[in-house]
Each structure stands twice: as C-alpha cells, then as structure tokens.
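Before any comments, here is the structure.
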Amino acid sequence: MSCALASAQPVKHSHEGRFYLGVQQGPMLNIYENYFSYRENGKTWGLITYQAGLVGGYDINDIFGLRISASYAKNAGACNTRETSAHGFYPYTFSSVNVFADAMLDIHGLADMLTFFRIKLYGGLGVGHSFHMTDPNHPWQEVNDPNTVFGFRLGGIFEYNITDHIGIYGDICGEAYTDKYNGLLPSAEEQANNYAGYGGFPLDLRGLISIGILYRF
C-alpha cells in the first residue's frame with residue numbers, strides 16, 4: 001500500500017543549482033515614432049520584423065533564477081510624415097544588438113508544483129546598440145547612426161522540459177529603450193509642443209515572441 005501511494009504522487013522535477021544555455025528566435029513588432037505611417041500607407045505588415053538570440057542562465061533554486069541574453073534584430077522605423085509638405089511615407093530599416101540581464105521568478109516553483117512544465121516571469125535591464133540605418137529619403141529629418149542606449153523589459157516564459165536536460169519554451173516580451181534607439185531624437189521644441197507625429201513619449205518600444213530550445217547542465 002505504501003508503494004502504491006508513493007507511485008501516485010507527482011514526480012518533482014527540480015532545477016535548483018543548474019546552469020542552462022539556449023537559442024531562440026521569432027517575430028517582433030516595432031513601435032517607434034511615426035509607426036502609424038505604416039498603417040496609413042497600407043504597409044502595416046512592414047512593422048513585423050525578426051530577431052534571434054542566445055541565452056544563458058542559472059537557477060538559484062526552484063523559485064528564483066538569473067539569465068543573460070544577447071540578441072540580433074532587424075528593425076523597421078519611419079521618419080516624420082505629418083510635418084512634411086508632401087505628407088509622404090519615409091520608411092527605413094536598421095540592425096541592432098541588445099544585451100540584457102534578467103531576474104527570473106518561477107511561478108510553478110513558488111506554488112511547489114515542480115513538474116516538467118513551468119511558467120516563469122522576468123524583468124531585466126540592458127543595453128541596445130542600433131546601427132546600419134538605411135536612407136529614408138526624408139527632405140529634412142536625419143536618422144542618427146550608430147546609437148547605444150539604455151533599455152528595460154518585462155516578459156513571461158512557458159517552458160516544457162522534454163528530458164532532464166533538454167527543454168523547449170515560448171518567450172513573450174515587451175522591451176523599452178530610451179528615445180534615440182531608432183536613430184530619431186525629436187527636438188525639445190517638438191516634444192514640448194507635441195507636434196504632429198510626435199506624441200512626446202520618451203521611449204522606443206518593441207514586442208517580441210520567441211520560440212527556443214535549451215540545454216540544462
């Protein structure tokens with residue numbers, strides 16, 4: 001009877017004190033100044049680009065962990081539309097490399113549900129470096145290149161461990177960078193007067209969805 005009762009208990013799958021490495025990639029939504037001009041010109045899908053990255057982490061215990069990630073992305077922006085005489089469409093693309101350090105919270109570990117499936121939340125601080133801006137052919141606005149800025153992010157992970165070492169996961173994340181990330185920095189006058197095309201919001205935003213695979217040592 002004791003053996004039968006023991007075998008009926010869920011198997012606990014601990015990650016405590018283990019390192020892991022992973023790779024991930026997926027689509028990304030770009031929300032910078034004048035992103036609305038893509039929709040107004042029938043180019044909404046142009047705001048969807050791609051990104052890929054490497055991650056490395058350590059599970060301090062089954063509740064808390066740390067992670068470092070480095071990623072590369074292709075981004076899409078646009079120059080000022082509503083303050084030009086032609087009200088034209090001035091899109092451009094640029095590359096970026098971003099590095100973040102994240103603090104992880106394992107919801108399943110917090111609830112003592114140590115199964116092969118885990119849900120995790122995280123928040124992180126990092127640095128974004130943007131470069132290789134293409135020419136938007138705007139009549140007067142300049143796109144700066146390169147740029148290195150501060151960033152922060154929040155996200156969630158849905159992880160399933162196929163074996164004790166190999167797992168797959170989905171990562172949903174929202175990132176924010178200081179305003180020069182996309183190469184545009186509206187003047188103090190433009191921001192103060194809330195000119196058309198600039199909401200005065202001081203951050204450049206990205207939304208990411210990634211699929212990844214990891215190896216836990």
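Here are a few things to note about the model shown:
- Helical content of the chain, expressed as a calculated mean residue ellipticity at 222 nm, amounts to -2000 deg cm²/dmol (DSSP H runs of 4 or more residues, -39,500 (n - 2.57) each, divided by residue number, nearest 500).
- Here LYS43 is the anchor, and the lysines within straight C-alpha reach of less than 29 Å, apart from those fewer than 8 places off in the same chain, are LYS74, LYS180.
- Charge context of PHE116, other residues only, Cβ under 12 angstrom, K/R +1, D/E -1: +1
- Extension gain from VAL23 to PHE152, taking 0.36 nm per residue of separation minus the Cα-Cα distance: 44.4 nm
- Local net charge near SER130, Cβ-Cβ under 14 Å (Lys/Arg +1, Asp/Glu -1): -2
- Around the amide H of HIS13, modelled in the peptide plane, lie the amide H atoms of LEU114, THR115, all under 5 Å away and 5 or more residues distant in sequence or on another chain.
- Förster radius 30 Å - calculated FRET efficiency between TYR72 and ILE162 (Cβ-Cβ, nearest 0.05): 0.70
- At R0 = 30 Å, FRET efficiency that the Cβ-Cβ distance of THR49 and HIS87 yields, to 0.05: 0.75
- FRET efficiency, 1/(1 + (r/R0)^6) with R0 35 Å, evaluated for PHE36 and LEU110 via beta carbons: 0.30
- Virtual spin-label span in nm between ALA103 and HIS138, 7 Å along Cα→Cβ: 3.7 nm
- Using Cβ point charges alone (K and R +1, D and E -1), the dipole size of segment 53-119 about the Cα centre works out to roughly 380 debye.
- Each of the GluC sites (Glu not before Pro) that DSSP puts in a loop and that has at most 15 other Cβ atoms within 10 Å breaks the chain; the longest unbroken stretch is 143-217.
- Cα-centred dipole magnitude for the chain, charges only on beta-carbon of K, R (+1) and D, E (-1), debye, nearest 20: 480 debye
Rule-based calculations on the coordinates, nothing more; no lab input. Keep in mind it's a predicted model, so treat the numbers as computed, not measured. Cβ: placed from backbone, ideal geometry, glycine included. Neighbour counts: every protein chain shown.
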